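Bear in mind that the values in this text are calculations on the coordinates, not laboratory data. On a predicted model such as this, the values are computed, not experimentally measured, just so you know. We place every Cβ from the backbone using ideal geometry, glycine too, and count neighbours over all the protein chains shown.
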């Protein structure tokens, strides 16, 4: 089991919603990961669809890069509707 | 009942039940084809839509306006990408979809085949074209096909500033010098009717409508949405002190909505069929951008192959 790869599990709680990350588990292969995810994460009908993906296949952003990645959006207030001055009488906008 | 009929019935029952359809669910071939057509056209419209507005980025009258316009055009690019991804969940490749645009087989919204002649056009597009787009798109957030509906939720949320950006431009011009006000009125004159045409042919002429309504891809008819556009926009034009270029436009107390004049359907079909003022220019610009970008795509692949080869070489050395 220590050699079994780690899988990240994503569950769609109902049709119309996206798959959401719920946790991870070890399994010998992807089929077993689905079977196990069903038992571990959907015992109370939490889902209608399961995705599993090997954790090593996920490339995550480096927390040290957060500033470079996300700070530039901070001063772009003009991307938000409240930046624009419009009269109060205006409706449906 | 044959097997296919029973599958179709189960499918329709799910739709009637307001259930969402997801990529791996069974769906009628025509549902899949209809969605591929609609979502890809929608994506193409976002991408081609960058051209008329991009035309004014370098000539925006001040930094504030330029920032707003760049942010809006960036959003259109992003929206195109969300929609292309949603389209791919239906089993068509990105290359195929792009090819359909570049060969002229797929359409995009005809509104982008009109030119942006003055700065006021940027205001009119934000106010009217985005206004019409929002009316069209909000109901698609409840479309029966999950990936399309989810993409649309993101699009609508991000687009909420686009229309305000445009209206603010119109407001500044309408309250400016007589020349500026005239420029705003001229833009409204040229964009009003094409904006109303964005809702598509009238219900009696619309070939795909009935089936799309039954499948809940569409929630309101073309004419219903067009009426809503007129009713919403008239008071907004009044605040600007501008006149909507339609002598037949007037409030009908009995119906509780505006009456308005007949659309020039001859013009509508001519632009759809390729004879609008900018059809050739837009398509040529898009194809050129795609071809000019080929070396970037090639370089990206070459780089990733080189990294892969380097990694393989290191791994071999380590094992040895």
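Things to note:
- Matching option when the condition is under 30 Å from residue B:14 (Cα atoms) and crowded, with 17+ Cβ neighbours inside 10 Å, among A:7, A:41: A:41
- The one condition in (1) under 22 Å from residue B:234 (Cα atoms); (2) surrounded by 24 or more Cβ atoms within 10 Å (Cβ to Cβ) that residue B:138 fails to fulfil: (2)
- Among the residues here, residue B:207 does not qualify as under 18 Å from residue B:120 (Cα atoms) and in a loop (DSSP other than H, G, I, E, B).
- Top-ranked residue of segment B:1-48 - restricted to ones that are in contact with a strand residue (DSSP E or B) (Cβ under 8 Å, 6 or more places away or on another chain) and farther than 20 Å from residue B:141 by Cβ, ranked as farthest from the other protein chains (Cβ to nearest Cβ): B:11
- Residue ranges of helices (runs of 4 or more DSSP H) in segment B:119-178 with at least 3 members farther than 19 Å from residue B:81 by Cα and within 9 Å of another protein chain (Cβ to nearest Cβ): B:146-174
- Hey, residue B:39 surrounded by 15 or more Cβ atoms within 10 Å (Cβ to Cβ) and assigned to a loop (DSSP other than H, G, I, E, B) or not: no
- Verdict on residue A:25 being within 12 Å of another protein chain (Cβ to nearest Cβ) and either outside any strand (DSSP E or B) or touching a helix residue (DSSP H, G or I) at 6+ places or on another chain (Cβ under 9 Å) (or both): no
- If you go through segment B:13-58 and keep only what is touching a helix residue (DSSP H, G or I) at 6+ places or on another chain (Cβ under 7 Å) and farther than 29 Å from residue B:104 by Cα, you end up with B:20, B:21, B:22, B:26.
- Qualifying residue in segment A:55-63 (condition: surrounded by 10 or more Cβ atoms within 10 Å (Cβ to Cβ) and within 7 Å of chain B (Cβ to nearest Cβ)): no
- The condition (being loosely packed, with under 13 Cβ neighbours inside 10 Å, part of a helix (DSSP H, G or I) and either touching a helix residue (DSSP H, G or I) at 6+ places or on another chain (Cβ under 7 Å) or free of Cβ contacts under 8 Å to residues at least 24 places away in the same chain (or both)) is satisfied by just one residue among B:248, B:238: B:238.
- From A:14, A:76, A:20, residue being farther than 21 Å from residue B:160 by Cβ, within 14 Å of chain B (Cβ to nearest Cβ) and loosely packed, with under 14 Cβ neighbours inside 10 Å: A:20
Residues are listed down the side, and each one gets a yes or a no for (1) under 28 Å from residue A:76 (Cβ atoms); (2) free of Cβ contacts under 8 Å to residues at least 60 places away in the same chain; (3) over 16 Å from the mean Cα position of the chain (by Cα):
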residue	(1), (2), (3)
B:155	yes, no, no
B:161	yes, no, no
B:179	no, yes, yes
B:183	no, no, yes
B:187	yes, no, yes
B:198	no, no, no
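- Filter result for residue A:61 (free of Cβ contacts under 8 Å to residues at least 12 places away in the same chain and part of a helix (DSSP H, G or I)): no
- Enumeration of residues in segment B:56-86 that are under 23 Å from residue B:144 (Cα atoms) and within 14 Å of the chain's Cα centre (by Cα): B:78, B:79, B:80, B:81, B:82, B:83, B:84
- Counting residues in segment B:260-274 that are farther than 23 Å from residue B:117 by Cα, surrounded by 12 or more Cβ atoms within 10 Å (Cβ to Cβ) and in contact (Cβ under 8 Å) with a residue 24 or more places away in the chain gives one or more.
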